Amino acid sequence: TGCSFGGTNTSGDLINSLSTTGGVTNITNNNTGCGTGSLQYYTYYSALGASQIQGQNVNLSMQSGASWSQGFRVWIDWNNDFDFGDPLEDVFVSAASSTAVQTGSFTVPFSATPGLKRMRVMCRFATVPNLTDFCATGMAYGECEDYNFTVIAATPCTGQPVAGTTVSSIASPCLGQSFVLSLTGTTAAGSLTYQWIQSTTGNPG
């Protein structure tokens, strides 16, 4: 990826461990400490990568060093345009900084073209990396690691797909209250689209 990261000092602020599960192939890169060489704040692990089928999930696990709490963010360059600023490329952000193990997951979008991508993992001391920090320069007290990620094309859908069940983050939301809708039990295959329909009367009838 042409978009580079430029830190200035890790000083014990580091990504000590990063691993994935649930993919077709996965990353295990634990107890790495600070980066080596002239760029201690940045390492591209070109020999390590994960892969997953479009529409399927990948689980993430990451942890800082023991000395200083870190917030984490992960991006994947789904469209290979050499940055991480497009929709859906911000795949994980931690709730806060911590020295404990932090976990999350993301779904490989169907819009991601099959093939090799770059995944970027970043930590920052006592805060969470900003959405646009993926190409930050002069950023002190953090570390950045790049990995490979391969998108595998989903098998095209045949027969009648399963629509699945709608799940709300709030069972009975009140007027003006925000909530998140998602689907479970859906057919995960290529060439499928889903349409959300909203009723302004509260009765889809």
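The values are calculated or read from the model by the stated rules, or taken from the named source; none is laboratory data. Owing to the predicted nature of the structure, the values given are computational and were not obtained by experimental measurement. Note: ideal-geometry Cβ built from the backbone for every residue, glycine included; neighbour counts use all protein chains shown. These accessible areas exclude ligands, DNA and RNA; they are computed on the full protein's heavy atoms, side chains included. Shrake-Rupley method; radii C 1.70, N 1.55, O 1.52, S 1.80 Å.
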> Got a number for residues in region 70-94 being modelled with pLDDT under 95 and among the hydrophobic types (A, V, I, L, M, F, W, C)?
Replying inline: 1
>> Please go through region 52-61 and give me each residue that is within 14 Å of residue 119 (Cβ to Cβ) and either in contact (Cβ under 8 Å) with a residue 60 or more places away in the chain or assigned to a loop (DSSP other than H, G, I, E, B) (or both), ordered by number.
In response: 52
> Would it be correct to say that residue 68 is of a type in the set (Phe, Trp, Tyr), in a loop (DSSP other than H, G, I, E, B) and over 25 Å from residue 138 (Cα atoms)?
Replying inline: no
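Let's see how each residue does on (1) open to solvent by less than 90 Å² (accessible area, probe 1.4 Å); (2) modelled with pLDDT under 75; (3) of a type outside the set (Asp, Glu):
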{"position": "116", "(1), (2), (3)": "no, no, yes"}
{"position": "120", "(1), (2), (3)": "yes, no, yes"}
{"position": "168", "(1), (2), (3)": "yes, no, yes"}
{"position": "185", "(1), (2), (3)": "yes, no, yes"}
{"position": "193", "(1), (2), (3)": "no, yes, yes"}
> Which of the strands (runs of 3 or more DSSP E) contained wholly in region 74-187 include at least 3 residues that are under 30 Å from residue 11 (Cβ atoms), of a type in the set (A, V, I, L, M, F, W, C) and within 16 Å of the chain's Cα centre (by Cα)?
Replying inline: 90-93, 115-125
>> So, residue 32, is that one among the β-branched types (Val, Ile, Thr), crowded, with 19+ Cβ neighbours inside 10 Å, over 30 Å from residue 187 (Cβ atoms) and over 17 Å from the mean Cα position of the chain (by Cα) or not?
In response: no
>> Which condition from (1) open to solvent by less than 80 Å² (accessible area, probe 1.4 Å); (2) modelled with pLDDT of 90 or more; (3) within 30 Å of residue 4 (Cα to Cα) is the one that residue 138 breaks?
In response: (2)
